[in-house]
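The values are calculated or read from the model by the stated rules, or taken from the named source; none is laboratory data. Computed from a predicted structure; not experimentally measured. Ideal geometry is used to build each Cβ from the backbone, glycine not excepted, and the neighbour counts take in all protein chains shown. Keep in mind that these areas ignore ligands, DNA and RNA; they rest on the heavy atoms of the full protein, side chains included. Shrake-Rupley method; radii C 1.70, N 1.55, O 1.52, S 1.80 Å.
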2 protein chains.
Amino acid sequence: MRYITLNEAASLLSEHDNFRLLTHSYPDGDTLGCAYALCFALRKIGKKCNIAVDGKLPSKFRYLDKNYKDQDFEPAYIVSVDVASMQLLSDSVMKGIKDIDLCIDHHRTNSVLAENIYVDSSAAAACEIIYQIIEMMEIPLDEDIAAGIYTGVSTDTGCFVYTNTTPRTHRIAALVMPYCDWKNINNINFVVKSIAKVNMERMIYDTMEFYAGGKCAIVYTTIAMQIALGAGDDEMEGLANIPRQIEGVMMGITMREKTGGVFKISVRTNDGIDAAKFCKQFSGGGHPGAAGCSIEGTLGEVKLKLIEAAEKYL
Amino acid sequence: MRYITLNEAASLLSEHDNFRLLTHSYPDGDTLGCAYALCFALRKIGKKCNIAVDGKLPSKFRYLDKNYKDQDFEPAYIVSVDVASMQLLSDSVMKGIKDIDLCIDHHRTNSVLAENIYVDSSAAAACEIIYQIIEMMEIPLDEDIAAGIYTGVSTDTGCFVYTNTTPRTHRIAALVMPYCDWKNINNINFVVKSIAKVNMERMIYDTMEFYAGGKCAIVYTTIAMQIALGAGDDEMEGLANIPRQIEGVMMGITMREKTGGVFKISVRTNDGIDAAKFCKQFSGGGHPGAAGCSIEGTLGEVKLKLIEAAEKYL
């Protein structure tokens, strides 16, 4: 295990072939954007490359793989993209894989076990790193590569709103926009809402409670609510940002009931309050402003645990 | 009246002094961002400059004028920024003014009567033009100038979401971000919502109706609703984007009751449907994707007029 430079990461990709790119579970726009952009770039210079995704590609991201077909070869060089820890690599993604050769990530808390590790936690999205690598390898941009990069940098920043955005994020967006249908990508990820999603948002507001003198807002969704509204995974996305938006709230907590008596917890915080540290108490992790964990128990039990922890923390 | 180049606009500003900058009524982030950025830039090179704003500066934009104080001089060169038509210049803004010397704008439908006119309708925000002029005049950026520019380019694009965004918009954002507290600006304009605003949004969803086979969604707010929720002008902002977001909707219409039996209408459309042309039927105007007009009548009358026009138009 060794930490390498961006240059070395680009060299390793140039030197090897027959790649398999690993994405994290509950795949989001950044891990998928990285994988598709890098895959199309590597194929463009004559290399073989496949992508491993946990489960089905979420329907909203189908535009990423319209020109993608699995290639037939034995994977020889394994690269994880935007994966923060081994727990985020599902059995299906790791199928047939012993070791990870290269880990490319932007999570400060990265703990992936890999031969070579490149982490740049100043990157708003791992796609910023992938862009720089593709540029360094002098692979010309095309629609597929640009769509992946734009998807990663835009979704991981809430379309350039979040505080992790940097001038570099904007510069990269400006460079890839001419090659891809970013209007459609924005429309899918930031504009259009189904009626089911709107109704889910409205229902979530009904669950909102405030603690720590208004500095903490907590909301929840249950499986029963999802069923009642016909809300699938697409409808559940982005809900984690709702409680933190309220005036005066420093920490927004969203509890989402999953099957098996487990709640998936998303925490969003203002500058100066470390969401990743808060989630670490519950064996979770993430970024300073956006982190998550899983807690077992009933709605009431899990909520109480979180409220107690939040009141102590704030 | 003559149409001039960007270079000529910069030259006119260099040659003259004792400026008065005119902003449009219902001042938004772009007209204010232009005025404050240009004012601080002109003062920086030793010129005198004041800004005319219709009414009070909206409280959310107070960060723009923290270093601004009116100067004492007789205005000699009058510049309108982001003003599309003479009707958008209120009596208070035009007080003591006979002629406009220079009009700087990005509205395709611009009809301001001015000695010199520079319109660049490819600019997402008029602030993009102001940035280019400041760059051309080689005036170094500072916090006040950068905060104005960032406010304009971000608010007129919904934080780089809308289809009017271009690579140039992103490049300008990247260039001004290091000088200003853009995190605070994003927080104010795109993140934080008061409880009153959340409740106003929820109430608006209750008014939503669909026409033209689901391609048109129409919502309204009344003065009574505003009073019931304690919603001021800040709470009413951004509501125009709600109906267009719904899956399948091509044209979103928001009716807002003002005093005196008048409704202010905001129209937002998908690419390919001209909102400005639609609003022109009601003596309004704006951009292809975002336009407005005013219609007199009762809620029912105004709604019927709009629905009939929309069904014909779509």
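Listing for the model above:
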{"quantity": "Residue selected from region B:239-252 under the condition touching a residue at least 40 places away in the same chain (Cβ under 8 Å) and part of a loop (DSSP other than H, G, I, E, B), by the criterion farthest from the other protein chains (Cβ to nearest Cβ)", "calculated": "B:MET250"}
{"quantity": "Filtered residue count, region A:253-264, keeping only those that are open to solvent by less than 50 Å² (accessible area, probe 1.4 Å) and not in a strand (DSSP E or B)", "calculated": "1"}
{"quantity": "Residues located in region B:131-161, provided they are aromatic (Phe, Trp, Tyr) and open to solvent by 10 Å² or more (accessible area, probe 1.4 Å)", "calculated": "B:TYR131"}
{"quantity": "Test: residue in region A:101-113 that is touching a residue at least 12 places away in the same chain (Cβ under 8 Å), open to solvent by 50 Å² or more (accessible area, probe 1.4 Å) and either touching a Phe, Trp or Tyr at 6+ places or on another chain (Cβ under 8 Å) or of a type in the set (Asp, Glu) (or both)", "calculated": "no"}
{"quantity": "A:GLY230 free of Cβ contacts under 8 Å to residues at least 12 places away in the same chain, open to solvent by 30 Å² or more (accessible area, probe 1.4 Å) and not charged (D, E, K, R)", "calculated": "no"}
{"quantity": "Residues within region B:163-180 that are within 8 Å of another protein chain (Cβ to nearest Cβ) and at pLDDT below 95, tallied", "calculated": "1"}
{"quantity": "Those helices (runs of 4 or more DSSP H) lying entirely in region A:179-237 with at least 2 residues among the β-branched types (Val, Ile, Thr) and under 22 Å from B:ASN199 (Cα atoms)", "calculated": "A:195-206"}
{"quantity": "Number of positions in region B:265-287 that are away from chain A (no Cβ under 13 Å), open to solvent by 20 Å² or more (accessible area, probe 1.4 Å) and under 26 Å from A:ASN189 (Cα atoms)", "calculated": "4"}
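One line per residue, one yes/no per condition, for (1) more than 9 Å from every other protein chain (Cβ to nearest Cβ); (2) without any contact (Cβ under 8 Å) to a residue 60 or more places away in the chain; (3) within 28 Å of B:ASP271 (Cα to Cα):
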site	(1), (2), (3)
B:ASP142	yes, no, no
B:ALA147	yes, no, no
B:GLY152	yes, no, yes
B:GLY158	no, no, yes
B:TRP182	no, yes, no
B:ILE195	no, yes, no
B:ASN199	no, yes, no
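Yes or no, residue by residue, for (1) assigned to a strand (DSSP E or B); (2) in contact (Cβ under 8 Å) with a residue 12 or more places away in the chain; (3) more than 22 Å from the chain's Cα centre (by Cα):
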residue: A:SER266; (1), (2), (3): yes, yes, no
residue: A:ASP271; (1), (2), (3): no, yes, no
residue: A:PHE278; (1), (2), (3): no, yes, no
residue: A:SER283; (1), (2), (3): no, no, no
residue: A:PRO288; (1), (2), (3): no, yes, no
residue: A:GLY292; (1), (2), (3): yes, yes, no
residue: A:VAL302; (1), (2), (3): no, yes, yes
residue: A:LEU306; (1), (2), (3): no, yes, yes
residue: A:LYS312; (1), (2), (3): no, no, yes
